[in-house]
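Undergrad: What follows is a structure written as structure tokens; I'll ask about it next.
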Amino acid sequence: MKIDRLIGILSVLLQSKQTTAPELAGLFEVSRRTINRDIDTLCQAGIPIMTVQGSGGGISIMDGYRMDRTILTSKDMRMILAGLRSLDSVSGSSYYSQLMEKLQLGSSEFVTGKDSVLIDLSSWYKTTLAPKIEVIQSAIENRHLLSFRYYSPSSDGKRKIEPYYLIFRWSSWYVWGWCKDRKDYRLFKLNRMLEVEETKKEFAARDISMPDLSDEKVFKGKPIKTKILFSKDVKWRLIEEFGIDSFTEMNDEKLLFTYEFTDEENLITWLLTFEDKAEIIEPKKVRDKVRKLLRNMSNMYKE
């Protein structure tokens, strides 16, 4: 990701008197043009970087400049390394491990070696996720259109997007970008994407801000206000997923759960994972759907 690479480039420049764009491109496995854009970004951020053309030239930080290390405490550095380690858990390469080594080099006073935060973003789909993430990252950095086949509840088909962000949210990975078919920004779940390819066609980056990933924005539609009765022996799950204030303990050893869901399909799917330990009371429309679904399932398994 760009911010990780910028930190890495800055670390290299602080530790070496001079380097070159080809050396940095090889080190971070990107194009020279990407490195040139990164150098411009660092200059705009106030880092006094000099570039000298010709034989013996290269890229360096102006003499006399040093990064104020006091802005990073030991805790800050450990949090940075924990974040990079989490990205390495889904990366298809050793890039983040190499970046961690660069950050730790000469920073022993900040890193004690006693890691207290371990984050693993991998999943059961790690073998298929890592290649997709690598292709998407490359397309974002090179400003190339991304092509893939997408499977949604309503249909499936080929899509082309201008990719802008890789996102980990709702316990899953997504790519956010401008869909050429829908003429709008869309969020695509990586597990539903097949035949993911970085095309050679470049696109001009749009002037965009960070995407709004609030539930209200992503899951459009009227909230579904629910009332569900649960058996007391699944209290642990309600606490784990929604917190202690999501239900009221009733006199009949039942738990009255109230919550506003954003998607009816996900609500019913989630409800069925409780088997016979959950009974939806409201809304009636969803209760009727569950009743019909259970009746159809009963007929399917009838001997």
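Undergrad: Report yes if some residue within the stretch 25-43 is hydroxyl-bearing (Ser, Thr, Tyr) and part of a strand (DSSP E or B); otherwise report no.
TA: No - not one qualifying residue is present in the stretch 25-43.
Undergrad: Test Ile47 against the stated conditions and say whether it is more than 24 Å from Val135 (Cα to Cα) and without any contact (Cβ under 8 Å) to a residue 40 or more places away in the chain.
TA: Yes: the conditions hold for Ile47.
Undergrad: Out of (1) in contact with a Leu (Cβ under 8 Å, 6 or more places away or on another chain); (2) under 22 Å from Tyr185 (Cβ atoms), the odd one out for Leu255 is which?
TA: (2)
Undergrad: Identify the single condition in (1) assigned to a helix (DSSP H, G or I); (2) touching a residue at least 12 places away in the same chain (Cβ under 8 Å); (3) in contact with a strand residue (DSSP E or B) (Cβ under 9 Å, 6 or more places away or on another chain) that Lys17 does not satisfy, given that it satisfies every other one.
TA: (1)
Undergrad: Looking at Asp252, Asp245, Asp212, can you tell me which residue is at pLDDT below 90 and either of a type in the set (A, V, I, L, M) or farther than 30 Å from Ile161 by Cα (or both)?
TA: Only one candidate qualifies: Asp252.
Undergrad: Would you tally the residues in the stretch 132-157 being outside any loop (DSSP other than H, G, I, E, B), touching a residue at least 24 places away in the same chain (Cβ under 8 Å) and touching a strand residue (DSSP E or B) at 6+ places or on another chain (Cβ under 8 Å)?
TA: Qualifying residue count for the region: 17.
Undergrad: Do we find that Ile161 is within 30 Å of Ile9 (Cβ to Cβ), touching a Phe, Trp or Tyr at 6+ places or on another chain (Cβ under 7 Å), at pLDDT 90 or above and part of a helix (DSSP H, G or I) in this structure?
TA: So Ile161 does not fit the description; no.
The values are calculated or read from the model by the stated rules, or taken from the named source; none is laboratory data. Since we're looking at a predicted model, the values are computed, not measured. Positions of Cβ are generated from backbone atoms using ideal geometry, with glycine treated the same way; all protein chains shown enter the neighbour counts.
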